[in-house]
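Any read-out appearing in this document is the output of simple, stated calculations on the displayed coordinates, not a laboratory observation. Predicted model, so just to flag it, every value in this text is computed and none were measured. Cβ sites come from the backbone with ideal geometry, for glycine too, and all protein chains shown count toward neighbours.
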Amino acid sequence: MKNKKHFDAWGEMHGTASIGERGQVVIPKKLRDSLELKKGDSFVVMEKGGAIVLLPTELMKGFISSITSELKILKK
């Protein structure tokens, strides 16, 4: 594929999704399986440049914790 590098920068394509009647979006099964997502997993929902970004809450907690730790070290 000629523009493969362009797509690699964005990540792997896993299909499409649509917004349901109650505003719900279904994450394609291939991606759920790949990321080992399960019912009840929670996400931080953000908007970046017109894109919707879903960040797993646990990942975000870890990121915030590591930043906080780094700031404490720098403050000393």
Problem - With Cα atoms, 0 to 90° folded angle of helix 57-75 axis to the chain main axis - result: 30 degrees
Practice task
List the pair-distance distribution P(r) of the chain, using every Cα-Cα distance, as the percent of pairs falling in each 5 Å bin from 0 up to the bin containing the longest distance, rounded to whole percents.
Solution key: 3, 11, 14, 22, 18, 13, 9, 6, 3, 1, 0
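With each run of n ≥ 4 DSSP H residues scored as -39500 (n - 2.57), what mean residue ellipticity at 222 nm is computed for the chain after dividing by its residue count and rounding to the nearest 500 deg cm²/dmol?
-13000 deg cm²/dmol
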Practice task
Round to the nearest 0.05 the FRET efficiency obtained for residue 73 and residue 34 when R0 = 30 Å and r is the Cβ-Cβ distance.
Solution key: 0.30
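Too long at a 31 Å Cα-Cα cut-off: which of 48/72; 39/75; 38/75; 29/61?
Those over the limit are 39/75; 38/75.
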Handout entry: Relative contact order of the chain, pairs being alpha-carbon contacts under 8 Å that are 6 or more residues apart, as %
Key = 14 percent
Practice task
Could you work out how far apart the two model spin labels at residue 22 and residue 66 are, taking each label as a point 7 Å from the Cα in the direction of the beta carbon, and quote it in nm?
Solution key: 3.5 nm
Handout entry: Cα→Cβ-extended label distance, 7 Å offset, between residue 54 and residue 14, nm
Key = 0.7 nm
